[in-house]
Amino acid sequence: MMRAFLLITLLALPVSAQQMTADRAARMSVDAETKGLAEPFVGLTRNGTPETGLFPIRATGVSTAPMMKAAKAFIATLSAEEKKKTLFAADDPEWRKWMNQHFYVRQGVSFGSMSDKQRNAANGLLKTALSAKGLKLSHDIMHLNETLAELTNDHEQYGDGRYFVTVMGTPSMKEPWGFQIDGHHLVINYFVLGDQVVMTPTFMGSEPNVALAGKYAGTRVLETEETAALTFINSLPEAARAKAIIQVSKTGNNNLTEAWHDNVVLDYAGLPARELTAGQQKQLMDVVGLYIGNMDAGHAKVRMDEVRSKLNDTYFAWIGGTAPDSVFYYRIHSPVILIEFDHQNPVAMPGVPRGIPQKAHVHTVVRTPNGNDYGKDLLRQHYAESHSSN
């Protein structure tokens, strides 16, 4: 009710007062960017120095031609003015300018402002880059943001159209390029070089995670990722479970690598996968597969092979309870992947106690440690090769 009252009050104010609010959002966005980009990109590391040789430029045998064609088709729908705010260089800082918070002022063109032709083209690009599961999850997250708008009676800040597309570089089969989807609870960074792709950082979440009523009643997200990990930890012997649980009390938010945290230094913690049986290792990789499986099938297989190659250096850590109704955080961490799942404190849902993590508010993050988020290690090698051949 209070949020609805504030919105009505805001709309009743003179235009100048509304503009002040927009200006404040812009200032907050610039402040976040200034602080977030103050350090040059290094990437997620154990000690501040990335491990080398983990991400060689190589052929995968999985064509990226469908993505290239879809990206070109999307770009062709844009007006000259839209291109100015949507198209960036392959190495532009725009890659790192993403944020979950609803107030963030984003570049690009939004799904809500697109024509039907543009929206179909944007979804066509997503369809080539994602699996059917990943595409559905992305759309369901957008739909639940509409549910949040209904619950708060605030269609100015929330809604299923408030997701923005930008394209970095010129879609090509040889030169680096990529695209970004950026909005509340959904951020996808998708880098392409030849037939290699990197789909991190990826942020997916929702508040609420289930629509009990409204336009998208019945929509639910990330419950499989929650249940599979809970089943896994409860299947472990007592000693292994005790090693995995690094903290039994969960009183707040625990995700470490959300927006503006590209350079987090994070050592391994919890249970090493090398201490698991073959069956338990498969269970753990099945959890990983739920996240990687949001990519198109061919590149997901390449990525899973990469993760399995570092299985002996993979760790599983848990914070919180392990009962069916518990709130918890978990992460899966190796030299080539970091996955975080976190039940978060409520922020926007009316009538929900604040300051206590809830299963209805979920954040997940997938990262590529050691300098290859946004495909930056591949990009660095590409530029080095290009320079040496000139």
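None of the figures in this text is laboratory data; all of them are computed from the coordinates on show. Just so we're clear, the structure is a prediction, and the values are computed from it rather than from any experiment. Cβ sites come from the backbone with ideal geometry, for glycine too, and all protein chains shown count toward neighbours.
From the convex hull of the Cα coordinates of region 176-262, what is the mean projected area in square nanometres? Mind showing how you got there, number by number?
Working: hull surface 37.0 nm².
Averaging across all directions leaves 9.3 nm² for the Cα convex hull.
How long are the three semi-axes of the equivalent ellipsoid for region 274-390, computed from the Cα gyration tensor as the root of 5 times each eigenvalue, in whole Å, largest first? Provide the component values of the computation, followed by the final result.
On the way: eigenvalues 216, 84, 29 Å².
Gyration-tensor ellipsoid for region 274-390: 33, 20, 12 Å.
Place a +1 charge on the Cβ of each Lys and Arg in the chain and a -1 charge on the Cβ of each Asp and Glu, then give the dipole magnitude about the Cα centre in debye, rounded to the nearest 20.
Here the size comes out at about 360 debye.
Could you give the size of the charge dipole of region 117-156 about its Cα centre, using +1 on the Cβ of each K and R and -1 on the Cβ of each D and E, expressed in debye and rounded to the nearest 20?
Taking the Cα centre of region 117-156 as origin, the dipole is about 460 debye.
The chain: D in µm²/s via Stokes-Einstein (Kirkwood Rh, Cα pairs, 4 °C, 1.567 mPa s)?
59
Calculate the length of the line joining the C-alpha centroid of region 69-94 to that of region 261-311, in whole Å.
The two parts, judged by their Cα centres, are 33 Å apart.
Skipping prolines and chain starts, which residues have an amide H placed within reach, meaning under 5 Å, of the one on Ala89, given they are 5 or more residues away or on another chain?
Sorted by chain and number, the residues that satisfy this are Gly169.
Past 20 Å, Cα to Cα: identify those pairs from Lys35/Lys97; Lys174/Lys376; Lys85/Lys133; Lys127/Lys301; Lys282/Lys310, in the order given.
Going by Cα-Cα distance, Lys85/Lys133 fall outside the 20 Å limit.
How large are Rg and Dmax for region 30-182 when calculated on the C-alpha trace, in angstrom?
Here Rg and the maximum Cα pair distance are 17.2, 51 Å.
Run the paramagnetic zone check for Glu156: 7 angstrom along Cα to Cβ, then residues of region 90-131 with backbone nitrogen under 13 Å.
103
Relative contact order for the chain: what percent, with Cα pairs under 8 Å and sequence separation of 6 or more?
Across the chain, relative contact order equals 21 percent.
Step through the residues of region 289-303 one at a time and calculate ³J(HN,Hα) from phi using the Karplus curve (6.51 cos²θ - 1.76 cosθ + 1.60, θ = phi - 60°), rounding each to whole Hz and writing x for Gly and Pro.
For region 289-303, the Karplus curve yields x, 5, 8, 5, x, 7, 7, 4, 4, x, 6, 5, 5, 4, 5 Hz.
Can you work out ³J(HN,Hα) from phi for every residue in region 346-356, in order, using Karplus 6.51 cos²θ - 1.76 cosθ + 1.60 and θ = phi - 60°, giving whole Hz and x for Gly and Pro?
With coefficients 6.51, -1.76 and 1.60, one gets x, 10, 10, 5, x, x, 10, x, 8, x, 10 Hz.
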